[in-house]
Amino acid sequence: MSNPLADLLLSWSRRDGSRPCIRNANGEVWTYGDLADRSAQIANTLIAHNVQAGDRVAVQVEKCPDVFTLNIACARVGAVYVPLNSTYTHHELLGLLEDACPALLVVDALLDVPFQQVTLAALLEQSATAPTTYIDVERSDDDPAAMLFTSGTTGKPKGAVLSQSNLVYGTSTLSAFWGMTENDVLLHTLPVYHVHGLFVAGYNTLVTGGCMVLLSAFDIDRIVAELPNCTVLMGVPTHYTRLLADARFTRELVSHTRLFTSGSAPMLATTHAEFTQRTGAQIVERYGLTETYILTSNPVDGARKPGTVGLPLPGVELRLDGLETGEIQVKSPTVFAGYWNRPELRGTEFSADGWFKTGDIGRIDADGYVEIVGRSKDLIITGGLNVYPKEIEQALDALPGILESAVVGLPDPDFGEAVTAVVVAEPGSTLDPAEIRYQAREVLAPFKVPKSVHVVESLPRNALGKVEKARLREMLSGR
Ligand code: AMP
């Protein structure tokens, strides 16, 4: 009997159950043995809630160690783990739940939604008396293990379904590439509803016997206090610019930290340079998508090239749809099989010969290092989180008095890009930017709400009637 993902995630609990694997904000330490026992108890409890292999278990809870035990429990029962951004509004959440149709929803406080749900606290209480043994359900490589929603260019979030082998292969390769070992202590500051925090940071530590210091948020004071005990920090560019803005972030502070990684959004060359000047260390920038796990990384041993996202990881085939510059297309054991409930997207998101189209425009240098030069999909990345303009435009257009809108990302020293909206009033209406932002907060998660709203007479359009976003950006940057 085998369950590749559960076997991998529990490998260290079988090897040395007494090793610490998670330390949380209160100083509580969890061992690999705890991870095995608690995940077995939760697996037994999920079964009691009628969760069966192949069912989706949706999870919208604040970051805590039990996110990992619950995730492993899902792997053990063969359920598909569906993490949900904890800042989604009720409106957003309902749409995703209707799509995912979970057998069980795990939340911090019960919601007004028509799905079987349980609070995490109640689930843990029920689990406390459950057996600490569980025979993992047999799974094959292709069975789905997780589904993560990523916003589409159409504005409607799509569930990217990742298989057991996507996660097992991706984690095994990346942890080896980054030289992760049982001696590593990771400072975990990322959200755990995203590939970056859950798999790249979490799984890569757990499968190599390391320990995570789990911070609930990116809290500079806590980071400064914890960094001297940590060997690895994984972040998004915004994290590094915030650290560099703090005088306590010095070479001495990070003298024990052997690896700093960055991804999820482009890092400016100036940030790389400033980081190296301040610490003497070089950030390892890497690149991937929810749909593909990590595709490329600068090496840990070997030349790191700032401004590039490094070399394709073992097993990743990467090509450009163009001569020198073009859309990055990939084949890899980590590429997902498709979007949940959206078979029609197979034809648009994959090439005719089976390569996944990333939507990112890249170049490859003479040494094989990949450089991201832009995005063909009109994505905004703000603080490492993706925002698709279309979704925001649809929400704004639905507000009273707005005729039409256009949303772009403008450079922002803190967030990388700031969601910026331009709106046109319906004839006879007067629009108030502050009021629009207030109303947008009702329907959009905070990170998606435009940081600024500009009222204009009309949107710049090309001959085909398409809004000219480049011109719009120029207009706005002059304001
Ligand atoms: P997500 O699905 O949230 O992981 O977002 C994937 C997108 O993030 C990619 O398609 C890229 O546009 C962007 N991305 C990820 N890592 C990098 C990076 N190191 N440099 C530039 N863009 C990145």
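The values are calculated or read from the model by the stated rules, or taken from the named source; none is laboratory data. Keep in mind that this is a model prediction, so the values were computed, not measured. Glycine gets a Cβ as well: all are built from the backbone with ideal geometry, and neighbour counts include every protein chain shown. Quick note on the areas: whole protein, heavy atoms, side chains included, nothing else; ligands and nucleic acids left out. Shrake-Rupley method; radii C 1.70, N 1.55, O 1.52, S 1.80 Å.
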(1) outside the structural domain of residue 98 (by TED's automatic domain parsing); (2) in a strand (DSSP E or B): which one isn't true of residue 362, the others all being true? (1)
Conditions first: (1) without any contact (Cβ under 8 Å) to a residue 60 or more places away in the chain; (2) within 16 Å of the ligand (Cβ to nearest atom). Residue 192 passes all but one, so which condition is the exception? (1)
Which residue pairs have Cβ atoms closer than 8 Å, lie 6 or more positions apart in sequence or on different chains, and pair a first residue in region 325-347 that is among the hydroxyl-bearing types (Ser, Thr, Tyr) with a second residue that is at pLDDT below 95? 325/361; 325/362; 325/363; 325/373; 339/158; 339/345; 339/349
For region 425-447, indicate whether the set of residues that are over 24 Å from residue 269 (Cβ atoms), part of a strand (DSSP E or B) and open to solvent by less than 40 Å² (accessible area, probe 1.4 Å) is non-empty. yes
Being in a loop (DSSP other than H, G, I, E, B), of a type in the set (S, T, N, Q) and either in contact with a Gly (Cβ under 6 Å, 6 or more places away or on another chain) or within 16 Å of the ligand (Cβ to nearest atom) (or both) is the requirement here; does residue 85 meet it? yes
Among the listed residues 243, 227, which satisfies the condition of being away from the ligand (no atom under 16 Å from the Cβ), open to solvent by less than 20 Å² (accessible area, probe 1.4 Å), more than 28 Å from residue 368 (Cβ to Cβ) and in contact (Cβ under 8 Å) with a residue 40 or more places away in the chain? 227
Hey, could you check region 353-398 for residues that are among the basic types (Lys, Arg) and within 24 Å of residue 313 (Cα to Cα) and say which is modelled with the lowest pLDDT? 377
Tally of residues being modelled with pLDDT of 95 or more and buried (at least 18 other Cβ atoms within 10 Å of the Cβ) across region 309-330: 10
Those residues of region 295-308 that are open to solvent by 10 Å² or more (accessible area, probe 1.4 Å) and within 13 Å of the ligand (Cβ to nearest atom) come to a total of 5
Which one of 96, 70, 10, 111 is open to solvent by 40 Å² or more (accessible area, probe 1.4 Å) and hydrophobic (A, V, I, L, M, F, W, C)? 111
Specify which of the listed residues (88, 169, 134) is under 22 Å from residue 78 (Cβ atoms) and open to solvent by less than 50 Å² (accessible area, probe 1.4 Å). 134
Taking the residues in region 381-423 that are outside any helix (DSSP H, G or I) and closer than 16 Å to residue 150 by Cα as candidates, determine which candidate is farthest from the chain's Cα centre (by Cα). 388
Answer residue from region 246-285, given it is free of Cβ contacts under 8 Å to residues at least 40 places away in the same chain and near the ligand (Cβ under 10 Å from one of its atoms) and is nearest to residue 313 (Cα to Cα) among those: 285
In a helix (DSSP H, G or I), more than 19 Å from the chain's Cα centre (by Cα) and more than 16 Å from the ligand (Cβ to nearest atom): is that true of residue 347 in this structure? yes
Quick one: residue 24 ticks every box in (1) at pLDDT 95 or above; (2) over 20 Å from the mean Cα position of the chain (by Cα) except a single one, so which number is it? (1)
May I ask you to verify whether residue 358 is surrounded by 20 or more Cβ atoms within 10 Å (Cβ to Cβ) and away from the ligand (no atom under 12 Å from the Cβ)? no
Identify, please: which residue in region 375-391 is over 10 Å from residue 408 (Cα atoms) and open to solvent by less than 20 Å² (accessible area, probe 1.4 Å) and is, among those, nearest to the ligand (Cβ to nearest atom)? 381
